[in-house]
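Read through the structure below, which is laid out as structure tokens, and then see the notes.
The values are calculated or read from the model by the stated rules, or taken from the named source; none is laboratory data. Note that the coordinates shown come from a computational prediction; the quantities given were computed from them, not determined experimentally. Methodologically, a virtual Cβ is constructed for each residue, glycine included, from the backbone with ideal geometry; neighbour enumeration extends over all protein chains shown. SASA here: full protein model, heavy atoms, side chains in, ligands and nucleic acids out. Shrake-Rupley method; radii C 1.70, N 1.55, O 1.52, S 1.80 Å.
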Amino acid sequence: MDDLSVQVPLSCPTCGCTEFSEDSEADQKSDDERIFTCAHCGAQFSKTQLIDANSESINATIQDIGDEIISALSKDLKRELRKQGWKVK
Ligand SMILES: [Zn+2]
């Protein structure tokens with residue numbers, strides 16, 4: 001259970017695809033300004049937009065996980081997700 005965060009994939013708000021290619025100029029930009037292009041429909045989103053669009057499923061996933069494991073571990077996961085920029089309630 002070391003890699004819980006990868007069980008919450010970002011999906012395209014337009015088509016639901018979970019594969020994105022990252023802007024090649026990412027190095028020159030801050031984290032919030034990185035642009036992700038959907039591999040399926042070609043729509044472009046900032047990281048912030050993607051996280052906003054996925055916040056519902058992220059919280060639902062955490063709810064599911066929380067039902068199955070002790071609350072302490074759930075808190076660790078939420079802290080871990082927040083570190084990565086997720087908006088977790
Ligand atoms: Zn898409």
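Structure data summary
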quantity	calculated
Test result for G66, over 12 Å from G85 (Cβ atoms), outside any helix (DSSP H, G or I) and either at pLDDT 90 or above or open to solvent by less than 90 Å² (accessible area, probe 1.4 Å) (or both)	no
Pairs where the first residue, in the stretch 37-52, is farther than 17 Å from E19 by Cβ and the second is of a type in the set (D, E, K, R), C-beta under 6 Å, 6+ apart	T48/D32
